[in-house]
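What follows is a short report on a single structure.
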Amino acid sequence: MNQPVRPDVPPSPTPYAAPPHGVVGQSCGRLDGATKTTGAIKYGADLFWGRAELFVKVVRSEHAHAEVKSIITSEARAVDQVMGVYTHNDMPGTNLQGLILRDHEVLTSGRVRYMGDAIALVVAESEATARLGADAVQVEYEPLPVIDSIESALAKDAYPLYKAGNIMGGKRIRKGNVDEALAGAAVVVTESFETQSVDHAFLDLEAGVACYQDDLLTIEAPGQWVHEERRLIALALGLEPEHIRIIQPATGGAFGGREDISIQIYLGLAALKHPGKTIAMRLDRAESVRARHKRHAMRIEYTLGAKSDGSLTAAKVTVYSDEGAYASTGPAVMRKAASHATGPYRVPNVSVDVYGVHTNNNPTGAMRGFGACQMAIAYEGMMDRLAIKLEMDRFDLRIKNLIQSGDEVTTGQHIQVATAVECAEAAMGKFREVNGGLLVQPDEAHLRRGFGMSVICFGLGYGDGFPDCARARVAFDDAGKAVVYTGGVDVGQGLINMVAQVAADELGLQLDNVRVVAADTALTDESGSSSATRQTYFTGNAVKLAAEEVKEELLDIAGAHLQLHPHEIELTSGFARAIHVPGKEIAIKELVAQGKKRGYKLDQQAQFKPGTLCEDFDTGQSPRSFVTYLFGAHVSQVLVDIETGEVKVERHIACHDVGKAINPQAVRGQITGGVAQGIGMALMEEVISKKGRILNGNFTDYILPTIKDVPHVECIVLENTDPGGPFGARGVGEPPLIGAVPAVLGAIQDATGTAPNILPCTPERVWRMLQDGTNA
Amino acid sequence: MFYRPDTFAAALRLKADHAAAIKPISGGTDLVVGLNRGQSLGVDVLDLTAAKDYRRIDHADGSLILSGGTTFAQLEQLDIACLARAAASVGGPQIRNRGTIAGNLATASPAGDGSVALLALDAEVELAHADRGTRWLRLIDYFEDYRQTALGDDELISHVRIPTPSALQASAWYKIGKRGAVNISLVCAAAARFLDGRICLAFGSVAPIPMRAVQTEKLLQGQPLTGALLHQAAQAASAEVKPIDDWRASADYRKAMCAVLARRVLEQLQTDDERQMP
Ligand SMILES: Cc1cc2nc3c(=O)[nH]c(=O)nc-3n(C[C@H](O)[C@H](O)[C@H](O)COP(=O)(O)OP(=O)(O)OC[C@H]3O[C@@H](n4cnc5c(N)ncnc54)[C@H](O)[C@@H]3O)c2cc1C
């Protein structure tokens, strides 16, 4: 064939198009790494031990459900060194907390609904005396029936926990005609899944300090969204938000577990009652597990229909979600579960009903995956089952049904850059690098090896019409260093480096010429929560926009100095350089000094606020429910002892398309951690409770994976540019966990021939499943 | 008061004088857990770790004599499969560096891995008193009831005696837990076969005490370990243990696992000839 002759001319230069050319894409060490390593940086617990003058202890309910008849505090007040005992009567404000519905009393006035409910607050001169005081508070209860499971909440004669009953709310999706499609399907598979209650189990327990002085209440305690915390604390305590300052200390993990207010309002109340004193409070592990919200346990009933060639035709899904005693972020988790019910697959007919069910268990709220995690267990479990029924290869069945760029997900949103297939192929490709993907079965008859896979998608950001905005400020300080101000909190995931690297890259600076001021309501603007895998995309964009503004100023300053048009100048490695004239340059430090004299501000703010559209009430459809979607695929290989039920993960491959890895090492860290957490959820982690009382509220009995349970995670990082992300970046936080769980479960099915549907797959559950043919 | 004598004799004196009013501490890996949970000891503490020779392992005519303060890290190095492997399965490296055999026997948890391995080795424990001297007890007589032992208020565990590798033909160990390390046994089993033909079989977490499966052992005495016998023994072990249901595992599962583990550990004791037999 004749090729048209093309002269070998390079494309014309576009000097103002700026791909990352500096520190973005480099695995720069953590800016806070040295102080974290030496211990110089202060976590909440360091503040607790450092400056406290008075200590707070909370009296928590002894019953999962009861009417509080009386609270007698006189004996507690009489305890030596006890400085004050407070109840709901002493709350100056609304006394309400809760992220979406504000339905949860800070100090209970009438009814306790779970064993973490707080009844009174004791302030004393030492932690020990505060505890003695708390023990001396006498509470008289009239016990009420305890609803401890979804089943008992839905029972016909169930005690109604709220006036409206035990159903908190719901969410539905209607698309096409499911019943007709199922009736016409060549194959139909039905299964139900039970996922468990999971604790966030971050190592850095809740601890912090507060002080009320000069009409300002300052609270330093770890959260995930300082500005929202300020709003909620203000309402609960009857203050105006401008009289509250929230400062985030260094924080060791969150995973959604710090989204709900934890100790902040107690600290604030005590500080208001004892002005001028530094108040301290901390939870120990037992109290943290008892008091704090958990991941929703869900019952998922799933029916999937397909043509005989494997094309999916219909999905009918009903979900019951244990919301626990209060709403927390439950309404949003339900919505996210619904919009992720069919994952990355093309399904023309969909019907989803999600019901939130109140119980007297711990409230359930945000946790890494946020409803999408439970649904991935279900839809990937269904794909494995369907493949068996169709006698089709699991991988081929998935590839056949995965959405491609331009296709729509369950909510009807068309996905611009859908790289599910690429992720799946990359993960399988990696798996096949060993022995062509053929597993060698062990010699021992009781050991079986198998592998499983998952492909997942995840809508980034709050989405669904919820206002989602990030703000940032970039300025040069007097020493000539660039300072990034962001309201976003670094909970250990590396937000500080992310914003610093974005700003440094944009301004052509080395990382050590950037400093970050983060998560202090007095110094930074609202930038939304560190959740929903959103900070790189949202705050990264806001920082980039602010830095671009400063960059324009720098280029103007440099233009006059170098006698060039700004388009002919680039900022790189600390210098403004003439692009076409080698050697013509000026140090950015110099420019900053000059510019300040010449009246340039070099101090710019920006916000990033891409809108989303609320999903339709009746159909759940929305042309743009999320700003962008993330894709990932995992392959997991396990060894199962079919006599004892023990499962060992031998290999785990995780591929995620992050758009652009701002810091590749940090991305691999997130993926590895997510897989570890996913293995924990698949095999061992489970909050076990009976009648609302948690039985394993410590790390001896709440089983987290150890290094012996997690193999070296083989990370594949794909970088298909996101059209809207900073330098093309999307994010990475939640998807690694979401992908890990179903891949491990699929591997158990492959190894044993029996598919698990109850989590976690402890040795006993797997054994029982193999005895009965199901682990139900 | 916190006592830290530098000889074991001085420790024995203190224990004899204060009896229940003083609590010995070895590695602290059981005791400190309680303190961390806010339980107070309420009594004085007798730290044994400074006592000379509290960590020694000696050979004496056909036996190994382990001092009470022998750590799991030390036991891991021994050439006795069931004990070394049981020790290696305990906690994580930190716990194995601190935790001691005396502590394991004194705590007498039904899930005590060291205790189960020692039971299968038909070990003896030496209980010492400053004035009355010492007495040796077979471990099978030492564990009495849930966390109750023959150890007197005024005594200390001074030594444990086990047959040397030369008296042992083979031993084996298996533990089931929910994860790969820092793992409480859901069920564990140990077995040993001695040169005189005796076989001992012990289980953890299936009775109020670390238990020897004496009924099952009877089936095995003097018999070649054929496939058929192993099968029979597995059934017998499962019938003999008395596990309870708790949220860690059900009694059903534990019983079933005793059969599986009995067969596994006994298989490892088989000679090559026996392996060929049906
Ligand atoms: C994280 C963790 C993991 C663990 N994992 C395991 C495991 O996998 N398997 C397992 O079996 N155990 C495990 N344990 C329990 C513990 O480590 C063992 O029981 C260990 O053997 C206790 O020994 P110690 O020296 O630390 O005992 P200590 O805590 O010092 O003492 C325990 C008890 O023994 C008494 N005592 C100590 N020395 C003597 C003596 N010489 N004479 C008389 N009484 C004495 C003490 O007064 C106390 O009552 C674990 C513990 C922790 C904290």
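The values are calculated or read from the model by the stated rules, or taken from the named source; none is laboratory data. Model, not experiment: these values are computed from the prediction. Don't worry about glycine lacking a Cβ; one is built from the backbone with ideal geometry, like all the others, and counts go over all protein chains shown. All accessible areas refer to the heavy atoms of the entire protein, side chains included, with ligands and DNA or RNA removed. Shrake-Rupley method; radii C 1.70, N 1.55, O 1.52, S 1.80 Å.
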Accessible-area order for A:Lys430, B:Lys23, A:Lys544, largest to smallest, probe 1.4 angstrom, reads B:Lys23, A:Lys430, A:Lys544
Give the ranking of A:Val434, A:Val592 by solvent-accessible surface, highest area first, calculated with a 1.4 Å probe.
A:Val434, A:Val592
Using Cα pairs closer than 8 Å and at least 6 residues apart in sequence, work out the relative contact order for chain B, in percent.
16
Any idea which of A:Ala542, A:Ile147, A:Ala210 is furthest toward the positive side of the dipole for the protein assembly as shown, if Lys and Arg beta-carbons carry +1 and Asp and Glu beta-carbons -1?
A:Ala542
Among A:Phe193, A:Cys715, A:Gln264, whose Cα lies farthest out toward the positive end of the dipole of chain A, if unit charges sit on the beta carbon of Lys, Arg (+1) and Asp, Glu (-1)?
A:Cys715
Calculated FRET value between B:Asp131 and A:Gln81, using beta carbons and R₀ = 56 Å, to 0.05:
0.75
Using only the Cα atoms of the stretch B:170-276, what semi-axes does the equivalent ellipsoid have when each is the square root of 5 times a gyration tensor eigenvalue? Give whole Å, largest first.
24, 14, 12
Looking only at B:Gln169, B:Gln94, B:Gln39, which one moves most when chain B is put into a Gaussian network model with springs between Cα atoms under 10 Å?
B:Gln39
Please state, to two decimals, what the Cα-based radius of gyration of the stretch B:222-278 comes to when divided by 2.2 N^0.38 Å (N = residues).
1.28
Quote the relative contact order of chain A in percent (integer), defining contacts as alpha-carbon pairs under 8 Å separated by 6+ residues.
15
If the viscosity is 1.306 mPa s and the temperature 10 °C, what translational diffusion coefficient in µm²/s does Stokes-Einstein give for the stretch A:228-341 when Rh comes from Kirkwood over Cα pairs?
89
What number does the protein assembly as shown give for Rg over Rh if you use C-alpha atoms and the Kirkwood radius?
1.01
All-pairs alpha carbon distance profile, the stretch A:461-571, 10 Å steps from 0, percent
15, 44, 27, 11, 2
Computed about the Cα centre, the charge dipole of chain A from +1 Lys/Arg and -1 Asp/Glu charges at the Cβ has a magnitude in debye, to the nearest 20, of 460
Cα Rg over Rh - the stretch A:25-156, Kirkwood
1.14
Carbon plus sulfur fraction of accessible area for the stretch B:170-276, probe 1.4 Å, in percent
53
Any lysines with Cα under 16 Å of the A:Lys660 Cα? List them, leaving off those in the same chain fewer than 8 positions away.
A:Lys544
Using the Karplus curve 6.51 cos²θ - 1.76 cosθ + 1.60 with θ = phi - 60°, what ³J(HN,Hα) values do you get for each residue of the stretch A:72-77, in whole Hz, with x for Gly and Pro?
10, 10, 4, 5, 5, 5
Looking at the stretch B:75-172 from every direction and averaging, what is the projected area of its Cα convex hull in nm²?
6.5
Could you report the accessible area of A:Lys307 in Å², rounded to 10, computed with a 1.4 Å probe on the protein chains as they sit in the structure?
110
Taking the Cα centre of each part, how many Å lie between the stretch A:524-598 and the stretch B:200-278?
73
Please list, short to long, the whole-number percent of alpha-carbon pairs of the stretch A:329-415 in consecutive 5 angstrom bins beginning at zero.
3, 13, 20, 21, 18, 12, 7, 4, 1
Under a point-charge model restricted to the Cβ atoms of Lys and Arg (+1) and Asp and Glu (-1), what is the dipole moment magnitude of the stretch B:1-146 relative to its Cα centre, in debye to the nearest 20?
440
Aspartates and glutamates near A:Lys69 by alpha-carbon distance under 20 Å, same-chain residues fewer than 8 away left out - which ones?
A:Asp90, A:Glu105, A:Asp117, A:Asp135, A:Glu140, A:Glu142
Probe 1.4 Å - accessible area at A:Leu390, Å² to nearest ten
30
If you take the C-alpha gyration tensor of the stretch A:691-767, multiply each eigenvalue by 5 and take the square root, what semi-axes do you get, largest first, in whole Å?
32, 19, 13
Given C-alpha coordinates of chain B, what is the ratio Rg to Rh with the Kirkwood estimate of Rh?
0.98
One checks the Cα atoms of the stretch A:291-444 and finds Rg and Dmax, in Å, of 17.7, 52
What residue among A:Ala45, B:His231, A:Pro10 has its Cα farthest toward the positive end of the dipole of the protein assembly as shown, where the charges are +1 on Lys, Arg and -1 on Asp, Glu, each on the Cβ?
A:Pro10
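Could you do me a favour and compute the accessible area per residue for the protein assembly as shown, 1.4 Å probe, result in Å²? Kindly include the intermediate steps, with their values, before the conclusion.
Working: 40000 Å² over 1054 residues.
That works out to 38 Å² per residue.
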Minimum 50 Å² accessible area buried by the other protein chains, the stretch B:162-209 residues, probe 1.4 Å, relative to alone:
B:Lys178, B:Arg179
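Please get the size of the charge dipole for the stretch B:170-276, origin at its Cα centre, with Cβ charges of +1 on Lys and Arg and -1 on Asp and Glu, quoted in debye to the nearest 20.
340
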Would you check the accessible area of B:Val33, probe 1.4 Å, heavy atoms only, in square angstrom rounded to 10?
60
Compare A:Ile100, A:Ile738 by solvent-accessible area with a 1.4 Å probe and give them largest first, with all protein chains kept in place.
A:Ile100, A:Ile738
Set A:Lys551/A:Lys589; A:Lys690/B:Lys255; A:Lys294/A:Lys316 screened for pairs whose C-alpha atoms are more than 18 Å apart:
A:Lys690/B:Lys255; A:Lys294/A:Lys316
